[in-house]
Amino acid sequence: MNYKFWAKKRVFITGHTGFKGSWLCLWLNSLGAEVTGYALDPPSDPSLFQLCNIHELVYSQKGDVRDLTFLQKSICDARPEVVIHMAAQPLVRDSYKNPVETYEVNAMGTVNVLEAIRNTEGVKALINVTTDKCYENKEWLWGYRENEPFGGYDPYSNSKACSELITAAYRSSFFNPAQYGIHGVAVASARAGNVIGGGDWAKDRLIVDCINALLQNEKIRIRNPHAVRPWQHVLEPLAGYLNLAEKLYSKGFEFAEGWNFGPDESDAKSVEWIVARLCQKWEGSSGYYVDMGEHPHEANYLKLDCSKAKNRLNWYPKWNLEKAIEYIIEWTIAYKANKDIREMCLKQIAEYMRSE
């Protein structure tokens, strides 16, 4: 990947106040990009966005992706060359409580972003960030490929499958690769695995629950100890998005399709494995226990096949799961000690870029 590509590039990010969006803003700013963010207030308190004072680094526009008129104006004013759509209702358990809002944000929000881009000149590349959960999960042992059927048991997963279908329909109807010479916009989607890293405070996420318990010297409560997920440090999929966006910008229609960004198969681990490793590496850990109560349905087994990204984008995971956990602990220790969190994030980004 050519990191110099991003110098002076105008980038519009929806959902920039979230966990992944905040890391992406820091990274792009460090590369010299001119970033405009569009999002609601940070979804948690504390938040990585606030801790790093990211509003000092990007032009931050408060807005809702359900508001097409304001979104359209914001994109037109920003004149972006690259758009990365990350705004979402991102939680499975919340989608059971608020299914209508989940579909409004994740499905119609995607429609609005695509519609706004359709009416904005100068955009060359769009990435719609969805999830590994967009696939019809059959609980099989091999990873899902980009051409597998979409599905989704719960409203969150299904709404992201809808977002994928919407993206495909707009690509065929308005941004068809065969007519790239006319419209000049390359549209792709990116499906990442379970993203972990320092600075995530979203509720009902495993690593967040673990870190909160460790910081308070409490036992960690886990719900589905045998559930297997494709865990990866947040910088891994973000590197994939940056790589893909560069290809979309430079080579257009050749890369306008769906892409998986997940860890190597050896890093698809169970919930209990993750928790045990965190406890092992955290000084003073008090252990964990399994909550035997009733919980909403969650998939037991889910992996991604990322062969296409490896072969065509030359994208490979750099940090295995052991290293990802070490970086999370390093970040958390810095946070606990009231150190400069922006500096810590930038340090980890720099180390990631140097990694082979």
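The values are calculated or read from the model by the stated rules, or taken from the named source; none is laboratory data. Since we're looking at a predicted model, the values are computed, not measured. A quick note on method: Cβ atoms are made from the backbone with ideal geometry, for glycine too, and the neighbour counts reach across all protein chains shown.
Observations on the model:
- When region 148-169 is filtered for residues that are at negative phi, of a type outside the set (D, E, K, R) and buried (at least 17 other Cβ atoms within 10 Å of the Cβ), the ones remaining, listed by number, are PHE150, PRO155, TYR156, SER157, ASN158, SER159, ALA161, CYS162, SER163, ILE166, THR167.
- Residue among TRP282, TRP259 that alone is out of contact with any Pro (no Cβ under 6 Å at 6 or more places or on another chain), crowded, with 20+ Cβ neighbours inside 10 Å, closer than 30 Å to VAL123 by Cα and at pLDDT 85 or above: TRP259
- Of THR69, THR17, THR36, all but one fail to be farther than 19 Å from SER163 by Cα, touching a strand residue (DSSP E or B) at 6+ places or on another chain (Cβ under 7 Å) and outside any loop (DSSP other than H, G, I, E, B); the exception is THR36.
- Residue match in region 186-202 (condition: within 16 Å of GLY109 (Cα to Cα) and of a type in the set (S, T, N, Q)): yes
- Within region 54-85, considering residues that are more than 20 Å from the chain's Cα centre (by Cα) and of a type in the set (S, T, N, Q), the one surrounded by the most Cβ atoms within 10 Å (Cβ to Cβ): SER74
- For the criterion of being without any contact (Cβ under 8 Å) to a residue 24 or more places away in the chain, closer than 16 Å to CYS134 by Cβ and not hydroxyl-bearing (Ser, Thr, Tyr), GLU148 passes.
- Flag if LEU313 is surrounded by 21 or more Cβ atoms within 10 Å (Cβ to Cβ) and touching a residue at least 40 places away in the same chain (Cβ under 8 Å): no
- None of LEU248, LEU215, LEU242 is touching a Lys or Arg at 6+ places or on another chain (Cβ under 8 Å), of a type outside the set (Gly, Ala, Ser) and buried (at least 21 other Cβ atoms within 10 Å of the Cβ) except LEU248.
- Matching entry among ALA125, ALA161 (being modelled with pLDDT of 95 or more, among the small types (Gly, Ala, Ser) and in contact with a Leu (Cβ under 9 Å, 6 or more places away or on another chain)): ALA125
- Close pairs from region 104-127: first in contact (Cβ under 8 Å) with a residue 60 or more places away in the chain, partner among the hydroxyl-bearing types (Ser, Thr, Tyr), Cβ under 6 Å, at least 6 apart: LEU114/TYR170; LYS124/TYR249; ALA125/TYR249; ILE127/TYR241
- In region 193-208, residue farthest from PHE49 (Cα to Cα) [restricted to those that are outside any loop (DSSP other than H, G, I, E, B) and within 14 Å of the chain's Cα centre (by Cα)]: ASN194
- Residues that are among the charged types (D, E, K, R), under 30 Å from TRP282 (Cα atoms) and in contact with a His (Cβ under 6 Å, 6 or more places away or on another chain) occur in region 203-223; there is at least one.
- Enumeration of residues in region 292-333 that are out of contact with any Gly (no Cβ under 9 Å at 6 or more places or on another chain), at pLDDT below 95 and either under 21 Å from GLU139 (Cβ atoms) or part of a loop (DSSP other than H, G, I, E, B) (or both): MET292, GLY293, GLU294, HIS295, PRO296, HIS297, GLU298, ALA299, ASN300, TYR301, ASN320
- Test: residue in region 85-94 that is in contact with a His (Cβ under 9 Å, 6 or more places away or on another chain), within 24 Å of ALA33 (Cβ to Cβ) and assigned to a helix (DSSP H, G or I): no
- Just one residue in the set ILE127, ILE166, ILE211, ILE117 is within 30 Å of ILE328 (Cβ to Cβ), part of a helix (DSSP H, G or I), touching a helix residue (DSSP H, G or I) at 6+ places or on another chain (Cβ under 9 Å) and among the β-branched types (Val, Ile, Thr); that residue is ILE211.
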